[in-house]
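Student: Below you'll find the structure I mean.
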Amino acid sequence: MRRVTTSAPGKLMLFGDHSVVYGHPCIVTAIDQRISVVVEKHEEHVFALSAPDVGLVEYKKPKNQLGLHNVPRGVTFLETLYKVFLDRYPQNDGIFVETKSQFSSSFGFGSSSAVTVAFGRALMELYEIPFVELDLFRMCYQAVMEVQGVGSGFDIASAIWGKTIYYVKPAKVVEPLEIESIPLIVGFTGVKADTATIVRMVEELKTRKPDFVQHIFDQIEEITNLARSAISARDWRAVGQLMNQNEELLEELGVSSKELDALIGAAKDLGEAHGAKLSGAGGGDCMISLGEDKQKIEDAIAMKGGEPMNVMANAGGVRVELCE
Ligand code: PMV
């Protein structure tokens, strides 16, 4: 029996949070924390899953009932992806999937998109379907939208293409930035954010105050475009200043939180960081900062109750690790 192992990276949004949902560009970097997936064909017509990281072992569902009944939270993305995959590439057998994550789903590193992408890539390899990034993107984006109903797909693109990309939804633009590394410092607030709720909150604000929100998004787009050039030029001081400007606009949108403000403030007050901002939807999860003295900034974050995260930016995208 053939077994395929794949892995896909988590991500951190650098610029363009929220505005990317409305067709503006963003910049996202893949991180060196990965989720791996092992697949093999199952002789029964079932979707069988073992995902100990989310407390699931021996989950099993007949193929003709995919997506029906109560689907546990940790399974939804994979079960939906499998359904989407079978609609496109019908198969006679079933599948056994095993997942393993290097990071907690609480950090906001995009565990759902990473595991979906890793599974999609593994299915393509197992059934010898030629790998085209955009095909995998479309399949995963459809699954994520079916589950979540909202989202720009930036996290899926990051898990597929990896590195640091300039992105416009839905993968209309995917432009890798030519850099080796980013002096990124990451602090976890300890609070898990609910992305879909915050995205809907912004949507509601946009309905109530369309001009106000549009003006913010236009400014974020300008900042994101300047950041694209500054990152490519490795001008980290300029990138940091742009981060601060992006953060101010996100605060105007009302998506920050007191925990995020405390950690961002700590990094900035120290005078060592080039800049700092929240990353992703806001409301919790992680903040990011740029600076050469990583240790000093991490200590300042820890002093304010944050948890410094040891992650490297600009990691590789989805890949096949092993075919046995
Ligand atoms: O909270 P995260 O890390 O999943 O990021 C959400 C980013 C948003 O722009 C707010 C939503 C999206 O899908 O782009």
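The values are calculated or read from the model by the stated rules, or taken from the named source; none is laboratory data. Given the structure is predicted, the values throughout are model-derived calculations rather than measurements. Don't worry about glycine lacking a Cβ; one is built from the backbone with ideal geometry, like all the others, and counts go over all protein chains shown.
Student: Identify, please: which residue in region 177-198 is outside any loop (DSSP other than H, G, I, E, B) and hydroxyl-bearing (Ser, Thr, Tyr) and is, among those, nearest to THR6 (Cα to Cα)?
Tutor: By that ranking, first place goes to THR195.
Student: Does any residue in region 243-267 that is free of Cβ contacts under 8 Å to residues at least 40 places away in the same chain and assigned by TED's automatic domain parsing to the domain that holds THR189 come within less than 7 Å, Cβ to Cβ, of a residue that is among the β-branched types (Val, Ile, Thr) and part of a helix (DSSP H, G or I) six or more places away or on a different chain, and which pairs are these?
Tutor: Once the first residue is free of Cβ contacts under 8 Å to residues at least 40 places away in the same chain and assigned by TED's automatic domain parsing to the domain that holds THR189 and sits in region 243-267, its partners that are among the β-branched types (Val, Ile, Thr) and part of a helix (DSSP H, G or I) give GLN245/ILE223; GLU247/ILE264; LEU249/ILE216; LEU249/ILE220; GLU252/ILE216.
Every residue, every condition in (1) closer than 26 Å to VAL115 by Cβ; (2) more than 16 Å from the ligand (Cβ to nearest atom); (3) basic (Lys, Arg), yes or no:
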position	(1), (2), (3)
GLN241	no, yes, no
GLU248	no, yes, no
GLU251	no, no, no
SER256	no, no, no
LEU263	no, no, no
ALA266	no, yes, no
GLU307	yes, yes, no
GLY316	yes, yes, no
CYS323	yes, yes, no
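Student: So which residues in region 1-46 are basic (Lys, Arg) and either at pLDDT below 95 or away from the ligand (no atom under 16 Å from the Cβ) (or both)?
Tutor: Answer for region 1-46, where residues must be basic (Lys, Arg) and either at pLDDT below 95 or away from the ligand (no atom under 16 Å from the Cβ) (or both): ARG2, ARG3, ARG34, LYS41.
Student: Test VAL174 against the criterion of being outside any strand (DSSP E or B) and in contact with a helix residue (DSSP H, G or I) (Cβ under 8 Å, 6 or more places away or on another chain), and give yes or no.
Tutor: Considered against the rule, which asks whether it is outside any strand (DSSP E or B) and in contact with a helix residue (DSSP H, G or I) (Cβ under 8 Å, 6 or more places away or on another chain), VAL174 comes out as no.
Student: Out of contact with any Pro (no Cβ under 6 Å at 6 or more places or on another chain) and either in contact (Cβ under 8 Å) with a residue 60 or more places away in the chain or not charged (D, E, K, R) (or both): does that describe GLY153?
Tutor: In short, no.
Student: Considering region 47-65 alone, what residues qualify as being among the hydrophobic types (A, V, I, L, M, F, W, C) and surrounded by fewer than 19 Cβ atoms within 10 Å (Cβ to Cβ)?
Tutor: ALA48, VAL54, LEU56, VAL57
Student: Looking only at region 125-171, which residues are within 11 Å of the ligand (Cβ to nearest atom), assigned to a helix (DSSP H, G or I) and within 20 Å of ALA315 (Cα to Cα)?
Tutor: PHE154, ASP155, ILE156, ALA157, SER158
Student: For THR207, all conditions in the list (1) within 12 Å of the ligand (Cβ to nearest atom); (2) within 22 Å of GLY149 (Cα to Cα); (3) part of a helix (DSSP H, G or I) hold save one; what is the number of the exception?
Tutor: The number of the failed condition is (1).
Student: Quickly run through region 306-321 and pick out the residues that are touching a helix residue (DSSP H, G or I) at 6+ places or on another chain (Cβ under 6 Å) and closer than 11 Å to ARG34 by Cα.
Tutor: GLY317, VAL318
Student: If you don't mind, another one. Pairs under 7 Å by beta carbon, first residue within 17 Å of LEU177 (Cα to Cα) in region 207-231, partner surrounded by fewer than 16 Cβ atoms within 10 Å (Cβ to Cβ), six or more apart or different chains?
Tutor: Sorted first by the residue in region 207-231, then by its partner, the pairs are ILE231/ILE179.
Student: Pick out the one residue from LYS172, LYS209 that is exposed (fewer than 13 other Cβ atoms within 10 Å of the Cβ), more than 18 Å from GLY10 (Cα to Cα), assigned by TED's automatic domain parsing to the domain that holds PHE15 and of a type outside the set (Val, Ile, Thr).
Tutor: None of the other options fit; the residue is LYS172.
Student: Looking only at residues that are of a type in the set (Val, Ile, Thr) and outside any loop (DSSP other than H, G, I, E, B) in region 68-88, which one is surrounded by the fewest Cβ atoms within 10 Å (Cβ to Cβ)?
Tutor: Among those that are of a type in the set (Val, Ile, Thr) and outside any loop (DSSP other than H, G, I, E, B), it is THR76.
Student: Among (1) of a type in the set (A, V, I, L, M, F, W, C); (2) within 16 Å of the ligand (Cβ to nearest atom); (3) under 27 Å from GLU58 (Cβ atoms); (4) crowded, with 24+ Cβ neighbours inside 10 Å, there is one condition ILE95 misses while meeting the rest; what is its number?
Tutor: It is condition (2) that ILE95 fails.
Student: Being in contact (Cβ under 8 Å) with a residue 60 or more places away in the chain and surrounded by 14 or more Cβ atoms within 10 Å (Cβ to Cβ): is that true of ILE182 here?
Tutor: So ILE182 passes the test.
Student: Quick one: count up the residues across region 9-44 that are crowded, with 24+ Cβ neighbours inside 10 Å, farther than 30 Å from GLU222 by Cα and of a type in the set (Gly, Ala, Ser).
Tutor: Number satisfying all stated conditions: 0.
Student: Further question: Would you pick out the residues in region 271-305 that are closer than 21 Å to ALA230 by Cα, among the charged types (D, E, K, R) and within 16 Å of the ligand (Cβ to nearest atom)?
Tutor: Scanning region 271-305 gives a single hit, LYS277.
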